[in-house]
Amino acid sequence: MAMAFLSRLNLQEILQTLSVLQWVPVYIFLGAIPIILIPYFLVFTKFWMVSVLALAWLAYDWNTHSQGGRRSAWVRNWTIWKYFQNYFPVMLVKTHDLSPRQNYIIASHPHGILPYGIFINFATETTGFARIFPAITPYIATLEGIFWIPIVREYVMSMGVCPVSELALKYLLTQKGSGNAVVIVVGGAAEALLCHPGASTVFLKQRKGFVKVALKTGAYLVPSYSFGQNEVHNQETFPEGTWKRFFQKTFQNTFKKILGLNFCTFHGRGLIRGSWGFLPFNHPITTVVGEPLPIPKIKKPNKETVDKYHALYINALRKLFDEHKVQYGLSETQELTIV
């Protein structure tokens, strides 16, 4: 049976599938906040010393993840990421240069069920970020809770992942010199519920914190859009009034209340093309990075100023979307919906 399976796939496809297969469960489990506590439960067992050492190291090294972490060019260039990229494939497109004399917030849309394109383009060097944007150092901002997990903390820091906290963002954008670009998936997990094949909907109207941080630090805002990211999974939203919808909403509400995260009911392909499973479909993802929007540095920006630059950012994002949508698989009539 194993030989029959291998005969249906060539070696490259097998390696590409395995590269994604190892990443999907890791990403999902990292979102389950209770896993953070597991290493510390060992304090009640004969392995209590493991918990003590983990806590001691975390206390000693506490500031590191909020001050740029420990980036590793070796990890960012692992061969496994090349197979991961080719699975879809994933591409990174530059429309304008980013000057190393300035710092940036690259706002990324959409989140997708899982942000494959964002991860590959900014947390690895597989698509050539350093070559495309010379002298610019990218950092992906994510949930702070991930940095409480021993070993995992070191792993994500090695790829240039940082907390999405104001403390970490301000440090990177004001105290670590210039040429830094913090990537923020503005819609977050809430946007994942809006991600369906054929949809171009971003959760942005009430997300203004990234604009406020840009104003406080003087970091330029850069829109980016990952075309194809919504196409790699099918998300199921059952009809209202059905028992399936009742259980779906109940589970989603419970998941959000306990973990603070949104739960998506999704599926994709299986290990063999054409079969059903939870792996993403082999659909191209192209992340287009737009033109920087200059932002003044204002220590205490008022609501009107934040609203002004938020509106300017939305206009820049719409322009980027409209200029590239046809080239990357959407129709001329497709519009970007902002909720």
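The values are calculated or read from the model by the stated rules, or taken from the named source; none is laboratory data. Here the structure is a predicted model, which is why all the values come from computation and not from measurement. Note that we place each Cβ from the backbone using ideal geometry, even for glycine, and neighbour counts take in every protein chain shown. Just the protein is used for accessible areas: all its heavy atoms, side chains included, with ligands, DNA and RNA removed. Shrake-Rupley method; radii C 1.70, N 1.55, O 1.52, S 1.80 Å.
Just a few scattered comments:
- The set of residues in segment 301-331 being in a loop (DSSP other than H, G, I, E, B) and closer than 20 Å to Val93 by Cα consists of Lys325, Val326, Gln327, Tyr328, Gly329, Leu330, Ser331.
- Within segment 277-311, if we keep just the residues that are polar (S, T, N, Q) and surrounded by 15 or more Cβ atoms within 10 Å (Cβ to Cβ), the residue that is nearest to the chain's Cα centre (by Cα) turns out to be Thr287.
- Long-range neighbours under 7 Å by Cβ, at least six apart or interchain, first residue more than 14 Å from Glu13 (Cα to Cα) within segment 264-278, second in a strand (DSSP E or B) and of a type in the set (D, E, K, R): Ser275/Arg269; Gly277/Arg269
- Selection from segment 123-145 of residues that are open to solvent by 20 Å² or more (accessible area, probe 1.4 Å) and more than 25 Å from Lys94 (Cβ to Cβ): Leu143, Glu144
- Condition met for Ala130 (within 15 Å of the chain's Cα centre (by Cα) and either assigned to a helix (DSSP H, G or I) or at pLDDT 95 or above (or both)): no
- Any hit, segment 77-99, residues being under 18 Å from the mean Cα position of the chain (by Cα) and of a type in the set (Gly, Ala, Ser): no
- Within the option set Ser158, Ser108, being buried (at least 24 other Cβ atoms within 10 Å of the Cβ) and of a type in the set (S, T, N, Q) holds for one residue only, Ser108.
- Qualifying residue in segment 181-203 (condition: surrounded by 22 or more Cβ atoms within 10 Å (Cβ to Cβ), small (Gly, Ala, Ser), assigned to a loop (DSSP other than H, G, I, E, B) and touching a strand residue (DSSP E or B) at 6+ places or on another chain (Cβ under 6 Å)): yes
- All told, Asn315 meets the bar of being closer than 24 Å to His96 by Cβ and either surrounded by fewer than 18 Cβ atoms within 10 Å (Cβ to Cβ) or out of contact with any Leu (no Cβ under 6 Å at 6 or more places or on another chain) (or both).
- Filter pass, Ile298 being within 20 Å of Leu114 (Cα to Cα) and either at pLDDT 95 or above or in contact with a Pro (Cβ under 6 Å, 6 or more places away or on another chain) (or both): no
- Selected residue (criterion: nearest to Val339 (Cα to Cα)) from residues of segment 93-127 that are in a loop (DSSP other than H, G, I, E, B) and among the β-branched types (Val, Ile, Thr): Ile113
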